[in-house]
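Engineer: Have a look at the structure that comes next, please.
The values are calculated or read from the model by the stated rules, or taken from the named source; none is laboratory data. All of these numbers come straight from a predicted model, not from anything done at the bench. Positions of Cβ are backbone-derived with ideal geometry, glycine not excepted, and every protein chain shown enters the neighbour counts. To get the accessible areas, we keep the full protein, side chains included, count just its heavy atoms, and leave off ligands, DNA and RNA. Shrake-Rupley method; radii C 1.70, N 1.55, O 1.52, S 1.80 Å.
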Amino acid sequence: MDSTRNLLAVARGAADADLLLCGGRVVNVFTGTIETADVAIAGGRIARVGAPATAGAKRVIDCRGRFIAPGLIDAHVHIESSLCLPAAFAAAVVPRGVTSVVTDPHEIANVAGVAGVRFMAEASRGLPLRVIVMAPSCVPATPMASAGATLTAEDVAALRRDGVAHGLAEVMNYPGVIAGDADLLGKIAAMAGRPIDGHCPGVSGAALSAYAAAGIGSDHEAVTPDEARAKLAIGLQLLIREATNARNLDALLPVITPQNSRRVCFCTDDRAPGELLESGSVDEMVRRAIRFGIDPVEAIRLATLNTAEYFGLGDRGAIAPGRHADVLIFDELQNPVAACVIAGGCEVARDGRLLDPAMPPPPAFAALGRCAIDFERVSFRIKAVGERVRVIGSLADQLVTEHRVERARVVDGFAEADAARDLAKMAVIGRHGGAADGRGDDQGGGNVGLGFIAGIGLRRGAIAGTVAHDHHNLVVIGVDDRSMHTAARAAARNGGGLAVAEGETALAALPLPVGGLMSDRPIDEVAAAHAKLIAAARSLGSPLGDPFMAMSFMALEVIPALKLTDKGLVDVEKFEIVGLFV
């Protein structure tokens, strides 16, 4: 009550502001105009936007000649994909003007269940970044992979009741929703009245109508203009994604018009640490949208007010009285690069650096996940039972894959990789300690799925990692079994990580002790280690910008067309497990 009284007094000009942004050009995302005004801040909120008041301020920042915009909001991100804890992630994005993110912690949830979700929420407290946690909807994503935990509708309801989750995160099992699966509908019902995010790649027509009719409000999987327009037309909020391995921005910017722009938001989904540090987050998307020809105020609105309104976050997303004082100050309207960032009324970053890099320590994480694999019982040999095999066709900068059929290279009765044809062997090893369920071999307490993949480009050696969306079992791709074993063992050490190997030598590794997904080190250290991994993979022939991010999605059985889990090859379009040999 006292804070509200003081806020109103500052708004009236009857009390001194805590901070005054003086004489800046305010980007008004409500009207689409730019207005020269003072912005008075009190108690972490904006009190007044307008002419100077008679009262003074405890601190003044001269903004004459500069622009003042609301702090940016990422509409959908998995913090775990930065390979860092929330504090380190914040250190990368806040200096760029991103002051809020809507996060789906389904990566850690698939490893550690509800405890993982609560861990991420707790680890996000006290940061200069506002982290809006959504309850994971599909843990596991489907029954065609083995996860480390299961989240029920009761768990979702508890996360809402306890104030941990703001809404329901992307509902990935779209065939289940369309068919009226009771469990999925129960989770949607548990979040009734709250934002419910979607994930429906390539779904159209009557199936898309059924998906939206379940109460789902958005989608970030559109890859073509026609798909995006169809989803906008039935009322879905379009979240345009530009991720490390799913680059959809350039293809979808032409979809945005004055008539539909208020139904569009920007999101990054999954970005590697190096890209966050070098290119940025949704701030980069805003700049690219402006270069494409979108009005600068409109581009900023796509990453502020639109996102705030879709998620029901009326306390942010605009420079307006009563809203959080989360502010981006920059010099050039055509190229908004943060010169100063204010979060909660405090200056937190200047010229691309946090003013106080010290971050609160994370909660205990020792029990969040493990690698329960007996490698003495793991075999990558594939007995040839035919001449042709199904092959995952990896596509550059996309999560969708091709479903190819290729002639097998058979040696002494076993199907082998063929580097000359860019045909590598792939394996997904269950690491969560579950028992085999009959679809795979019981090797070390979990299944082992085996297959082939094209498009990774390895000529020698292998890469491996425990980041494998969304079940996060151990995935390994290589051109010989010995290298695959070496890489897999190196990735499994210390609870999980990423690794590159050739023969019996591990060339590079990045430990990810927090659930096998995240490091507990600063993001610049993680980015440097990640860059060494990529360099090692390139030395073995892979031309990909980030082969580890690409590999992580080759095990995601809810994005077409062919993927591999620990239970086997998944034909995503049929939504069933299929044989390796045709």
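Engineer: Limited to the stretch 218-228, what total is found for residues that are open to solvent by 20 Å² or more (accessible area, probe 1.4 Å) and either in contact (Cβ under 8 Å) with a residue 12 or more places away in the chain or aromatic (Phe, Trp, Tyr) (or both)? Before you say what the answer is, go through the steps one by one.
Structural biologist: Taking the stretch 218-228 as the starting set, the residues that turn out to be open to solvent by 20 Å² or more (accessible area, probe 1.4 Å) are 223-227.
Right, trim to either in contact (Cβ under 8 Å) with a residue 12 or more places away in the chain or aromatic (Phe, Trp, Tyr) (or both) and you get 223-225, 227.
Number of matching residues: 4.
Engineer: Across the stretch 319-354, which residue is farthest from the chain's Cα centre (by Cα) among those that are under 30 Å from Glu107 (Cα atoms) and either free of Cβ contacts under 8 Å to residues at least 12 places away in the same chain or surrounded by fewer than 20 Cβ atoms within 10 Å (Cβ to Cβ) (or both)?
Structural biologist: If we take residues in the stretch 319-354 being under 30 Å from Glu107 (Cα atoms) and either free of Cβ contacts under 8 Å to residues at least 12 places away in the same chain or surrounded by fewer than 20 Cβ atoms within 10 Å (Cβ to Cβ) (or both), then Gly344 is farthest from the chain's Cα centre (by Cα).
Engineer: Confirm whether Ser279 is among the polar types (S, T, N, Q) and without any contact (Cβ under 8 Å) to a residue 12 or more places away in the chain. Break it down into steps so the answer makes sense when it comes.
Structural biologist: Numbers: among the polar types (S, T, N, Q): yes; without any contact (Cβ under 8 Å) to a residue 12 or more places away in the chain: yes.
Criteria met by Ser279.
Engineer: Restricting attention to the stretch 30-45, report how many residues are among the hydrophobic types (A, V, I, L, M, F, W, C) and in contact with an Asp or Glu (Cβ under 9 Å, 6 or more places away or on another chain). Don't jump to the end; show me each part of the working.
Structural biologist: Our first condition is that a residue be among the hydrophobic types (A, V, I, L, M, F, W, C); within the stretch 30-45, this holds for 30, 34, 37, 39-42.
Okay, now just the ones that are also in contact with an Asp or Glu (Cβ under 9 Å, 6 or more places away or on another chain), so 40-42.
Residues meeting the conditions: 3.
Engineer: For a quick check of your reading: which helices (runs of 4 or more DSSP H) sit entirely within the stretch 214-306 and have at least 1 residues that are of a type in the set (Lys, Arg)? Don't jump to the end; show me each part of the working.
Structural biologist: Numbers: elements: 225-233, 249-252, 273-278, 282-292, 296-302.
The qualifying helices (runs of 4 or more DSSP H) are 225-233, 282-292, 296-302.
Engineer: Go through the stretch 229-249 residue by residue and tally those that are surrounded by fewer than 18 Cβ atoms within 10 Å (Cβ to Cβ) and free of Cβ contacts under 8 Å to residues at least 40 places away in the same chain.
Structural biologist: Residues meeting the conditions: 5.
Engineer: What are the residues in the stretch 504-558 that are closer than 30 Å to Pro143 by Cβ and among the polar types (S, T, N, Q), if any? Before the answer, list the steps.
Structural biologist: So the first thing to find is which residues in the stretch 504-558 are closer than 30 Å to Pro143 by Cβ, and the list is 512-518, 546-558.
Result: Ser552, single match.
Engineer: Regarding the stretch 312-332, can at least one residue be identified that is outside any loop (DSSP other than H, G, I, E, B), closer than 19 Å to Leu127 by Cβ and touching a helix residue (DSSP H, G or I) at 6+ places or on another chain (Cβ under 6 Å)? Talk me through it step by step, then tell me what you get.
Structural biologist: Here is the first cut: in the stretch 312-332, the residues outside any loop (DSSP other than H, G, I, E, B) are 324, 327-330.
Next cut, closer than 19 Å to Leu127 by Cβ only: 324, 327-328.
Now restrict to residues that are touching a helix residue (DSSP H, G or I) at 6+ places or on another chain (Cβ under 6 Å): none.
No, the stretch 312-332 contains no residue that is outside any loop (DSSP other than H, G, I, E, B), closer than 19 Å to Leu127 by Cβ and touching a helix residue (DSSP H, G or I) at 6+ places or on another chain (Cβ under 6 Å).
Engineer: How about the stretch 380-398: which of its residues are touching a His at 6+ places or on another chain (Cβ under 9 Å) and either part of a loop (DSSP other than H, G, I, E, B) or more than 30 Å from Cys200 (Cβ to Cβ) (or both)? It would help to see each step written out before you state the result.
Structural biologist: Keep residues of the stretch 380-398 that are touching a His at 6+ places or on another chain (Cβ under 9 Å), which gives 380, 390-393.
Within the stretch 380-398, Phe380 is the sole residue that qualifies.
Engineer: Considering only residues that are in contact with a Leu (Cβ under 7 Å, 6 or more places away or on another chain) and open to solvent by 30 Å² or more (accessible area, probe 1.4 Å), which ones fall in the stretch 374-394?
Structural biologist: Our first condition is that a residue be in contact with a Leu (Cβ under 7 Å, 6 or more places away or on another chain); within the stretch 374-394, this holds for 380, 382, 389-392.
Within the stretch 374-394, just Arg390 meets the criteria.
Engineer: Looking only at the stretch 181-201, count how many residues are closer than 16 Å to Ala141 by Cα, free of Cβ contacts under 8 Å to residues at least 60 places away in the same chain and of a type outside the set (Val, Ile, Thr).
Structural biologist: Residues flagged as closer than 16 Å to Ala141 by Cα, free of Cβ contacts under 8 Å to residues at least 60 places away in the same chain and of a type outside the set (Val, Ile, Thr) within the stretch 181-201 amount to 9.
Engineer: Among the residues of the stretch 362-372, what is the count of those that are modelled with pLDDT of 80 or more and either open to solvent by 30 Å² or more (accessible area, probe 1.4 Å) or not in a loop (DSSP other than H, G, I, E, B) (or both)? Please lay out each step first, then the result.
Structural biologist: Of the residues in the stretch 362-372, the ones modelled with pLDDT of 80 or more are 363, 371-372.
Of the ones still in play, those that are also either open to solvent by 30 Å² or more (accessible area, probe 1.4 Å) or not in a loop (DSSP other than H, G, I, E, B) (or both) are 363, 371.
Going through the stretch 362-372 one residue at a time, the tally reaches 2.
Engineer: Identify all residues within the stretch 401-437 that are out of contact with any helix residue (DSSP H, G or I) (no Cβ under 9 Å at 6 or more places or on another chain), under 30 Å from Gly515 (Cα atoms) and surrounded by 19 or more Cβ atoms within 10 Å (Cβ to Cβ); write none if there are none.
Structural biologist: Ala424, Val428, Gly430
Engineer: If you don't mind, there's one more thing I want to ask. Restricting to strands (runs of 3 or more DSSP E) lying wholly in the stretch 1-69: which have 3 or more residues that are open to solvent by less than 30 Å² (accessible area, probe 1.4 Å) and within 21 Å of Val348 (Cα to Cα)? So that I can check it myself, show each step before the final result.
Structural biologist: Numbers: elements: 19-28, 33-42, 45-50, 60-62.
Because the criterion is at least 3 residues that are open to solvent by less than 30 Å² (accessible area, probe 1.4 Å) and within 21 Å of Val348 (Cα to Cα), the strands (runs of 3 or more DSSP E) in the stretch 1-69 that meet it are 19-28, 33-42.
Engineer: Something else about it: Out of (1) open to solvent by 10 Å² or more (accessible area, probe 1.4 Å); (2) farther than 30 Å from Ser552 by Cα, what's the single condition that is false for Glu278?
Structural biologist: Going through the list (1) open to solvent by 10 Å² or more (accessible area, probe 1.4 Å); (2) farther than 30 Å from Ser552 by Cα, Glu278 breaks only (2).
Engineer: A further question on this structure: Would you pick out the residues in the stretch 89-110 that are more than 15 Å from the chain's Cα centre (by Cα) and closer than 21 Å to Val164 by Cα? Walk me through it before giving the result.
Structural biologist: Filtering the stretch 89-110 for residues more than 15 Å from the chain's Cα centre (by Cα) gives 91, 94-97, 99.
If the condition is that a residue be more than 15 Å from the chain's Cα centre (by Cα) and closer than 21 Å to Val164 by Cα, then Thr99 is the only one that fits.
Engineer: Can you tell which of Pro357, Pro361 is under 30 Å from Ala90 (Cβ atoms) and touching a residue at least 40 places away in the same chain (Cβ under 8 Å)? Break it down into steps so the answer makes sense when it comes.
Structural biologist: On the way: Pro361 fails: touching a residue at least 40 places away in the same chain (Cβ under 8 Å).
Only one candidate passes the filter, namely Pro357.
Engineer: Kindly indicate whether any position in the stretch 293-304 is closer than 25 Å to Glu107 by Cα and either among the β-branched types (Val, Ile, Thr) or open to solvent by 20 Å² or more (accessible area, probe 1.4 Å) (or both).
Structural biologist: The first filter runs over the stretch 293-304 and keeps only residues closer than 25 Å to Glu107 by Cα, leaving 303.
Among the residues that remain, those that are also either among the β-branched types (Val, Ile, Thr) or open to solvent by 20 Å² or more (accessible area, probe 1.4 Å) (or both) are: none.
Checked the stretch 293-304: no residue is closer than 25 Å to Glu107 by Cα and either among the β-branched types (Val, Ile, Thr) or open to solvent by 20 Å² or more (accessible area, probe 1.4 Å) (or both).
Engineer: Another question, then. Among (1) part of a strand (DSSP E or B); (2) under 29 Å from the mean Cα position of the chain (by Cα), there is one condition Gly433 misses while meeting the rest; what is its number?
Structural biologist: Of (1) part of a strand (DSSP E or B); (2) under 29 Å from the mean Cα position of the chain (by Cα), only one is false for Gly433: (1).
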